Amino acid sequence: MLPTDPHETLKTVFGFDAFRPGQERIVEQVLQGNSALAVFPTGSGKSLCYQLPALMLDGLTIVVSPLIALMKDQVDFLQERGVRVARLDSTLSAEESRTVYSDVRAGALKLLYVAPERISNERFFAAIEGHAISLMVIDEAHCISEWGHNFRPEYLKLAIAAKALKVERVLALTATATPTVVEDILREFEIAPAGYVNTGFHRPNLFLAFSPTAASERMEILRSRLEDIPAGPTIVYVTLQKTAEEVAAGLARWGYPAKAYHAGMKSDVRANIQDWFMASADGIVVATIAFGMGIDKSDIRRVFHYNLPKTLENYSQEIGRAGRDGKASYCEVLGGDEDLMVLENFIFGDTPTEEAVGALVEYVLKQEDEFDISMYHLSRQTDIRPLVLSTLLTYLELEGVIKFTAPFYSEYKFRYVEKKEWVLAAFKGEPGEFLRSLLAQATAKTMWSYLNLDTVVQALGCERSRIVKAFNHLEETGKLEVGVTGLRQGMRLLQRGNAAEVTAALMAKVARNEAGNLQRTRQVVEFLNVDDCKTRHLLKYFGEELGKPCGHCGYCQSGTVTKVVGSERGLSESEAAEVERFLEERPVGSKSAREAARYLCGIATPQTGRDKKGKAGMFGVLEEAPFQAVMRALEVS
């Protein structure tokens, strides 16, 4: 029998006597059948806003999150409380994924955590087809906004997917949303004003310090802070993976319990570090910005930014990891001038060339009315990074040029868990004949058999969906182990248009995005340099007025500011000489100035990477030079 009293559920399942600010209003909206948006600072209990209603609603709650760390933590937390919950992500084995799909079909779950891209996956759709979905939760909902700091094009499809799945209500969650981003979220998910709850961003228990320091001096400054400030779980945020390794190694040599964490590590290594940190009373993780997202550790006492944060949204989220238990915690920025060049180089490096965008447009406009693409191969073909390519295609969809249809896998691979004759003997009549014909189409190799779905559809004259459902059933019943390869995105060409005009429209958006990202980086500098209460300035950015100095930031304590100059420098003589050598040798052929600058600055692209061309060429020889200065030198030469 489902619980009927939110306060009783809060006490008996979660062990809390009262709701935190904002939580009860959101829970009431959801239980009344309304969609809602919760903008709560990190550590304010956003998760409870869906976990509690999920236990009180009849159907399944799907939680969409890009954060594997959050999925793992939340699933562990809920399972300890006897809640029927699971996650589907890239870290699961084939057997674990099969068990989750089986539980979904059996109606054995109350909550299911998935990544945003999985929502439009045909196998996932087939698995949940016909199941009542009471609630879809959109975590990190700011990713839906082009004006946000972390736009993810797949988020634009979530509102459409929610309607296709007949979701009863949607709950959007974020810790960082400016007023413009809030408007986007409310519009896309059709959330009424009454469903919007913002509890404010002010965290009085965090002391915010700012000590922009030369890169050569930061390790010693960090060491002195670790000695002077009371010990406790600590996160040191860095920009580059190699910096994470270097700083963690340096701290370990000094006897600190420090470990690096970044995306270049294997998933099991990252999971082990996360588990170690969660259990540690004094562990130090030196990490790129992904770490801490969704980590439910309430006693983090210190957060350092060894490098400058990318944006004010990033800064707000990252310091929000500290002091979630309400106790005093310390946050300090050590990054300075040198970091600006790295951050800006990333932005310039992501910007595709006009030639690359033109090639993409030409490719799309010459397709048939119905076509499909491999994002991986198209990325390499056009030399546009996958995330940027996905964004450009989404823009084409928003402009009415194309329409995304269902993504699918071109090939299934499988191997028999039971003997083939036993599998076939389990199905009689027409289903058995269909299965016999289906499996006969496979090409058997040493361990796996392979099926091209397009070929099978034509050979058998059946619907693709029937094949997908058949493999799902065989996997769930333990008769086959199934894998998929060759992910392709289906598309429909709606209008051919003029290639030059479409390219110009896309380039305008590209230029706008580059300018917006640069502006967000410069807002960090403005924040550090403002001759006023830092907390008040930060809150104003998010549309909140503090009204008086906070009393718990470095400026309020000292009344002084150490400025980040950020003045753009030109090329040194040795750097200019490397540009001349590149122009003479052309190690990567004839390239535009932007492409050549990316190569020299060590910014890998789908066609030009460190592994393939860096050893024999000049890849990365100007890694520490400003991208714009390199590009200007190439343009005038």
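The values are calculated or read from the model by the stated rules, or taken from the named source; none is laboratory data. Here the structure is a predicted model, which means the values were calculated and not measured. A quick note on method: Cβ atoms are made from the backbone with ideal geometry, for glycine too, and the neighbour counts reach across all protein chains shown.
State yes or no: is Ser465 within 30 Å of Ala159 (Cβ to Cβ), polar (S, T, N, Q) and assigned to a helix (DSSP H, G or I)?
On the way: within 30 Å of Ala159 (Cβ to Cβ): yes; polar (S, T, N, Q): yes; assigned to a helix (DSSP H, G or I): yes.
It is true that Ser465 is within 30 Å of Ala159 (Cβ to Cβ), polar (S, T, N, Q) and assigned to a helix (DSSP H, G or I).
Any idea how many residues of segment 188-227 are surrounded by fewer than 15 Cβ atoms within 10 Å (Cβ to Cβ), assigned to a helix (DSSP H, G or I) and modelled with pLDDT under 95?
Total satisfying the criteria: 3.
Could you please give the count of residues in segment 257-272 that are crowded, with 20+ Cβ neighbours inside 10 Å and outside any strand (DSSP E or B)?
Total satisfying the criteria: 2.
To keep it simple, each residue is scored yes or no on (1) touching a Lys or Arg at 6+ places or on another chain (Cβ under 9 Å); (2) surrounded by fewer than 18 Cβ atoms within 10 Å (Cβ to Cβ); (3) more than 24 Å from Phe627 (Cβ to Cβ); (4) not polar (S, T, N, Q).
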position: Val357; (1), (2), (3), (4): no, no, no, yes
position: Tyr363; (1), (2), (3), (4): no, yes, yes, yes
position: Glu368; (1), (2), (3), (4): no, yes, yes, yes
position: Ser374; (1), (2), (3), (4): yes, yes, yes, no
position: Thr382; (1), (2), (3), (4): no, no, no, no
position: Leu389; (1), (2), (3), (4): no, no, no, yes
position: Leu393; (1), (2), (3), (4): no, no, yes, yes
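From the list Ala126, Ala108, Ala54, pick out the single residue that is under 28 Å from Met491 (Cβ atoms), touching a residue at least 24 places away in the same chain (Cβ under 8 Å) and more than 22 Å from the chain's Cα centre (by Cα). Reasoning before the result, please.
Numbers: Ala108 fails: under 28 Å from Met491 (Cβ atoms); Ala54 fails: under 28 Å from Met491 (Cβ atoms).
Exactly one residue qualifies, and that residue is Ala126.
Kindly indicate whether any position in segment 164-183 is buried (at least 20 other Cβ atoms within 10 Å of the Cβ), in the same structural domain as Val303 (by TED's automatic domain parsing) and under 23 Å from Gly547 (Cα atoms). Let's see the steps before the verdict.
Start the filter on segment 164-183 by keeping residues that are buried (at least 20 other Cβ atoms within 10 Å of the Cβ), which leaves 167, 169-177, 181-182.
Subsequent filtering for residues that are in the same structural domain as Val303 (by TED's automatic domain parsing) retains none.
No - not one qualifying residue is present in segment 164-183.
Return the residues of segment 262-287 that are among the polar types (S, T, N, Q) and closer than 15 Å to Thr234 by Cβ; say none if nothing qualifies. If you could, list the steps in order and put the result at the bottom.
First pass over segment 262-287, keeping only residues among the polar types (S, T, N, Q): 267, 272, 274, 280.
Listed by number, the residues that qualify are Gln274, Ser280.
Name the residues in segment 400-412 that are at pLDDT 85 or above and either buried (at least 19 other Cβ atoms within 10 Å of the Cβ) or not in a strand (DSSP E or B) (or both), would you? It would help to see each step written out before you state the result.
In the first step, residues of segment 400-412 are kept if they are at pLDDT 85 or above; the result is 400-403, 411-412.
Residues satisfying the conditions are Gly400, Val401, Ile402, Tyr412.
Select, from Gly554, Gly602, Gly559, the only residue that is at pLDDT 90 or above and surrounded by 18 or more Cβ atoms within 10 Å (Cβ to Cβ). Outline the logic, then answer.
Values: Gly602 fails: at pLDDT 90 or above; Gly559 fails: surrounded by 18 or more Cβ atoms within 10 Å (Cβ to Cβ).
The match here is Gly554.
When segment 1-15 is examined, which residues are found to be in contact (Cβ under 8 Å) with a residue 12 or more places away in the chain and assigned to a loop (DSSP other than H, G, I, E, B)?
Leu2, Pro3, Thr4, Val13, Phe14
Of all residues in segment 504-528, which are touching a residue at least 24 places away in the same chain (Cβ under 8 Å) and either under 24 Å from Pro41 (Cα atoms) or not in a helix (DSSP H, G or I) (or both)?
Gly516, Asn517, Arg520, Thr521, Arg522, Gln523, Val524, Val525, Phe527, Leu528
In this structure, is Tyr101 hydroxyl-bearing (Ser, Thr, Tyr), modelled with pLDDT of 80 or more, under 17 Å from the mean Cα position of the chain (by Cα) and closer than 23 Å to Ala164 by Cα? Outline the logic, then answer.
On the way: hydroxyl-bearing (Ser, Thr, Tyr): yes; modelled with pLDDT of 80 or more: yes; under 17 Å from the mean Cα position of the chain (by Cα): no; closer than 23 Å to Ala164 by Cα: yes.
No, not satisfied.
Among the residues of segment 80-95, is there at least one that is basic (Lys, Arg), surrounded by fewer than 20 Cβ atoms within 10 Å (Cβ to Cβ) and either under 16 Å from the mean Cα position of the chain (by Cα) or in the same structural domain as Pro153 (by TED's automatic domain parsing) (or both)? Full working, then the answer.
As a first pass, look at segment 80-95 and keep what is basic (Lys, Arg): 81, 84, 87.
Subset that is surrounded by fewer than 20 Cβ atoms within 10 Å (Cβ to Cβ): 81, 84.
When the remaining residues are screened for being either under 16 Å from the mean Cα position of the chain (by Cα) or in the same structural domain as Pro153 (by TED's automatic domain parsing) (or both), the result is 81, 84.
Yes, there is a match, as at least one residue in segment 80-95 is basic (Lys, Arg), surrounded by fewer than 20 Cβ atoms within 10 Å (Cβ to Cβ) and either under 16 Å from the mean Cα position of the chain (by Cα) or in the same structural domain as Pro153 (by TED's automatic domain parsing) (or both).
Given the conditions (1) of a type in the set (D, E, K, R); (2) under 30 Å from Glu545 (Cβ atoms); (3) not assigned by TED's automatic domain parsing to the domain that holds Ala162, and given that Arg187 satisfies all but one, which numbered condition is not satisfied?
With respect to (1) of a type in the set (D, E, K, R); (2) under 30 Å from Glu545 (Cβ atoms); (3) not assigned by TED's automatic domain parsing to the domain that holds Ala162, Arg187 is out only on (3).
List the residue pairs whose Cβ atoms are under 6 Å apart, where the first residue sits in segment 192-211 and is over 17 Å from Tyr541 (Cβ atoms), the second is part of a strand (DSSP E or B), and the two are 6 or more positions apart or on different chains.
Listed by first residue and then by second, the contacts come to Gly195/Ala36; Tyr196/Leu37; Val197/Ala38; Phe207/Tyr330; Ala209/Glu332.
Condition check ((1) part of a strand (DSSP E or B); (2) modelled with pLDDT of 90 or more) across all residues:
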| site | (1), (2) |
| --- | --- |
| Cys331 | yes, yes |
| Leu343 | no, no |
| Gly349 | no, no |
| Pro352 | no, yes |
| Val361 | no, yes |
| Val364 | no, yes |
| Tyr376 | no, no |
| Ser390 | no, no |
| Thr394 | no, no |
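Which condition number does Thr405 fail, the rest of (1) touching a Pro at 6+ places or on another chain (Cβ under 9 Å); (2) polar (S, T, N, Q); (3) under 21 Å from Ile160 (Cα atoms) being met?
(1)
Counting only residues that are over 21 Å from the mean Cα position of the chain (by Cα), crowded, with 24+ Cβ neighbours inside 10 Å and of a type in the set (A, V, I, L, M), how many does segment 18-51 have?
Of the residues in segment 18-51, 4 are over 21 Å from the mean Cα position of the chain (by Cα), crowded, with 24+ Cβ neighbours inside 10 Å and of a type in the set (A, V, I, L, M).
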